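**Q** My questions will all concern the structure given below.
The values are calculated or read from the model by the stated rules, or taken from the named source; none is laboratory data. Keep in mind it's a predicted model, so treat the numbers as computed, not measured. Glycine also receives a Cβ, built like all others from the backbone with ideal geometry; neighbour counts cover every protein chain displayed. The area values use the complete protein model at the heavy-atom level, side chains included, leaving out ligands, DNA and RNA. Shrake-Rupley method; radii C 1.70, N 1.55, O 1.52, S 1.80 Å.
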Amino acid sequence: MISQPQSLNDAQYQNDILKGVSRTFALTIPQLPEALRKVIGNAYLLCRITDTIEDDNALTSEQTRHLSDMFSEVVSGKIAAEKFVDALYPLLSDHTIPAEHDLIKNTPAVIRVTHSFNPTQRKALERCVRIMSRGMADFQDTETLDGLPDLPAMNLYCYYVAGVVGEMLTELFCDYSPEINRNKSELMKLSVSFGQGLQMTNILKDIWDDRQRGACWLPQDIFIKKGVVLRELNPDHPDARFQEGLADLIAVAKKHLQNALTYTCMIPTREKGIRRFCLWALGMAVLTLNKIHRHRDFNDGNQVKITRRTVKATISITSFFASNNWMLAQLFKMAARNLPETDISDDLFFKK
């Protein structure tokens, strides 16, 4: 029996593990042009490894920071991936799902794929992992039920978790297409807002799940104005004042998602795969926001999770109109019509 070359085995592993760690990205990444699938699939796995380090509650703050820095060095080729695995894998707890255990164990395969990319692609991936790992470690050090100090702090957290990913994806899109690259400056700005819209939606959906593990990513200033102390929240006792604060954040998230639509519509219409990749995430976020807004008294994330039927409908509709900017604008307007508006200055919607 003839064995396959290592590079083919690594690429196959990447495709297989994607299905285990993210059904959503396993669905969206194949929509991309073939030239982008491998690098963006790999980018997601690098971010997932970074996230696994941050999320495993068996690790101390010092271990998390050390391992995060170590992984950044692995991605840039300064430390062997095997050394990283030896340091992290024995420390993983049952909090980390089996698929993530497998991903950490096979980090060398993922990194071999990373190191096969062109210099521009590698630079984009290295920058994203470096900024994400350091930023997330900083916020983990201050993780409490008190929430974040204010909306700018929430913006910064969202940048480290998702905005920098938007920048990385934009770098990869621009490297792939000279036509996309012509709008790089505006796309880079919008990409941070796109990432924040998606991350804010996740934060709002996961409020009560996060609190169970001692975390709160909501901004105190929004709720103090309503007379709400975040540390004192109780999921079993709905508070109308807290729900008013949620409405304010839903409005902010909506505005970020409007920027996400602008971003998507700037992608050339013939690039239907990239547009689908963006639109599916955008569509599901808007519908999730709607559900949160309708049920602001929810006390479990499952209560505001959109159904599989809704996901399928979103995929079908956005795919059909992927090249029609006018229709996409109408669909967004219709889907977001019941969501509140915000009067917060546009200056707060873009990273300085």
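**Q** Roughly speaking, what % of Cα-Cα pairs in the stretch 189-287 are separated by over 23 Å, rounded to a whole number?
**A** Numbers: 1719 of 4851 pairs.
Percent of Cα pairs beyond 23 Å in the stretch 189-287: 35.
**Q** For the chain, build the charge dipole from Cβ charges (+1 Lys, Arg; -1 Asp, Glu) around the Cα centre, then report which of Tyr160, Thr307, Ala87 sits farthest towards its positive end.
**A** Thr307
**Q** Going toward the positive end of the dipole of the stretch 260-352, with +1 on Lys and Arg Cβ and -1 on Asp and Glu Cβ, which of Thr342, Ser319, Thr288 do you reach last?
**A** Selected residue: Ser319.
**Q** Mind checking which of Leu257, Ser116, Pro33 is farthest towards the positive end of the chain's charge dipole, using Cβ charges of +1 (Lys, Arg) and -1 (Asp, Glu) about the Cα centre?
**A** Of Leu257, Ser116, Pro33, it is Pro33.
**Q** Still on this structure: Report the paramagnetic label zone for Val229: residues of the stretch 115-153 whose backbone N is under 15 Å from a point 7 Å from Cα along the Cα-to-Cβ axis.
**A** 145-147
**Q** Amide H neighbours of Leu148 under 5 Å, counting only residues 5+ apart in sequence or on other chains, H built in-plane at 1.01 Å?
**A** Close amide H contacts, sequence-distant or interchain: Leu218, Gln220.
**Q** Could I ask something else about it? May I have the convex hull volume per residue, in Å³, for the Cα set of the stretch 150-240? All intermediate terms of the calculation are to be shown ahead of the outcome.
**A** Numbers: hull volume 9.7 nm³, N = 91.
For the stretch 150-240, the hull spanned by Cα atoms encloses 106 Å³ per residue.
**Q** Nearest 20 debye, what's the magnitude of the dipole of the stretch 234-352 about its Cα centre given +1 on Lys and Arg Cβ and -1 on Asp and Glu Cβ?
**A** On the way: 18 positive and 11 negative charges, 158 e Å.
In debye, rounded to 20, the stretch 234-352 gives about 760.
**Q** What value, in deg cm²/dmol to 500, does the helix sum -39500 (n - 2.57) over DSSP H runs of n ≥ 4 give at 222 nm once divided by the residues of the chain?
**A** Values: 18 runs with 238 residues, N = 352.
It lands at -21500 deg cm²/dmol.
**Q** Kindly sort Ile203, Ile79 by accessible area of their heavy atoms, largest first, with the probe set to 1.4 Å. Write down the numbers at each step before the final one.
**A** Numbers: Ile203 5, Ile79 50 Å².
Largest to smallest exposure gives the sequence Ile79, Ile203.
**Q** For the stretch 209-352, which semi-axes, largest first and in whole Å, follow from the square roots of 5 times the eigenvalues of its Cα gyration tensor?
**A** Values: eigenvalues 188, 64, 32 Å².
For the stretch 209-352, the semi-axes come out at 31, 18, 13 Å.
**Q** If you build a Gaussian network model of the chain, linking Cα atoms that sit under 10 Å apart, which residue out of Ser133, Ser193, Ser22 swings the most?
**A** Ser22
**Q** Once phi is turned into θ = phi - 60°, what whole-Hz ³J(HN,Hα) does the Karplus curve with 6.51, -1.76 and 1.60 give for every residue of the stretch 106-117, x standing for Gly and Pro?
**A** 9, 3, x, 5, 4, 5, 4, 5, 3, 7, 8, 7
**Q** For the stretch 233-243, just list the computed ³J(HN,Hα) in residue order, Karplus coefficients 6.51, -1.76 and 1.60, θ = phi - 60°, integers in Hz, with x standing in for Gly and Pro.
**A** 4, 9, x, 8, 10, x, 10, 4, 5, 5, 5
**Q** With all protein chains present, calculate the accessible area of Glu341 using a 1.4 Å probe and round the result to the nearest 10 Å².
**A** 130
**Q** Express in nm, to one decimal, how much length is gained between Thr24 and Thr60 on full extension, taking 0.36 nm for each residue of separation and deducting their alpha carbon distance. It would help to have the intermediate numbers written out before the result.
**A** On the way: separation 36, 0.36 × 36 = 12.96 nm, distance 3.00 nm.
So the chain would gain 10.0 nm between Thr24 and Thr60.
**Q** Considering only C-alpha atoms, what is the centroid distance from the stretch 268-324 to the stretch 146-213, in Å?
**A** 17
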